[in-house]
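Structure, as structure tokens:
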Amino acid sequence: MSMNALALAATIILLFPMLYFLVASPAFFFRPLGHSSATFLLRGLFSTYFLAVAVIGGIGAGAFAGAGRPWVALGIGALAALAIAARAWFLGRMDAQLRARDAGDPNAVRRLRHLHVGGMVYNAVQVAAVVTSIPAIFPAGV
């Protein structure tokens, strides 16, 4: 497999966790976040999503660097680094709100919902950025 083919495969694989999160996360609007089972699953979805984007993005950055496309490698690498930072940020705030909810804070569930929506917006922006950049990254004939 050539490095260009590996880079294309990494880009396509990178879209899988993003698209899964885009489809799966709205389901949590139908379940109240006051229940520990729903928030346990939501937290797991966030954690797995950010981890998958970080790992696959790192592999993709390496593939693009190996294919002699350093600017694309830098962009995909930035996406992976941002996923690592966003994972720490979102999960830290989510854990704080879960503790506040369990301590009886009536506004914690509302703040959890805001984090949920914020994560969905973050993901949608990432998906849009990756999808719209595909024609520039892979011009015809690559």
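Suppose we filter region 44-63 for residues that are surrounded by 16 or more Cβ atoms within 10 Å (Cβ to Cβ), under 17 Å from ILE84 (Cβ atoms) and either of a type in the set (Ser, Thr, Tyr) or touching a residue at least 60 places away in the same chain (Cβ under 8 Å) (or both); how many remain?
Number satisfying all stated conditions: 3.
What do you reckon, is GLY141 on the phi > 0 side of the Ramachandran plot, at pLDDT below 95 and either of a type in the set (Gly, Ala, Ser) or in a helix (DSSP H, G or I) (or both)?
The answer is yes for GLY141.
Name the single residue that is farthest from the chain's Cα centre (by Cα) among those in region 1-43 being surrounded by 12 or more Cβ atoms within 10 Å (Cβ to Cβ), without any contact (Cβ under 8 Å) to a residue 40 or more places away in the chain and under 17 Å from ARG87 (Cα atoms).
So the residue we want is LEU41.
Contact list please: Cβ distance under 6 Å, first residue in region 89-112 and under 12 Å from LEU33 (Cβ atoms), second residue part of a loop (DSSP other than H, G, I, E, B) and not β-branched (Val, Ile, Thr), pairs at least six apart or on different chains.
That search, which allows pairs on different chains as well, returns VAL109/LEU33; VAL109/GLY34; LEU112/LEU33.
Is it the case that some residue within region 67-86 is surrounded by fewer than 20 Cβ atoms within 10 Å (Cβ to Cβ), over 30 Å from PRO139 (Cα atoms) and small (Gly, Ala, Ser)?
Yes, that holds for at least one residue.
The values are calculated or read from the model by the stated rules, or taken from the named source; none is laboratory data. No experiment lies behind these values; they were computed from the predicted model shown. With ideal geometry, Cβ positions are generated from the backbone for all residues, glycine too; neighbour counts draw on all protein chains shown.
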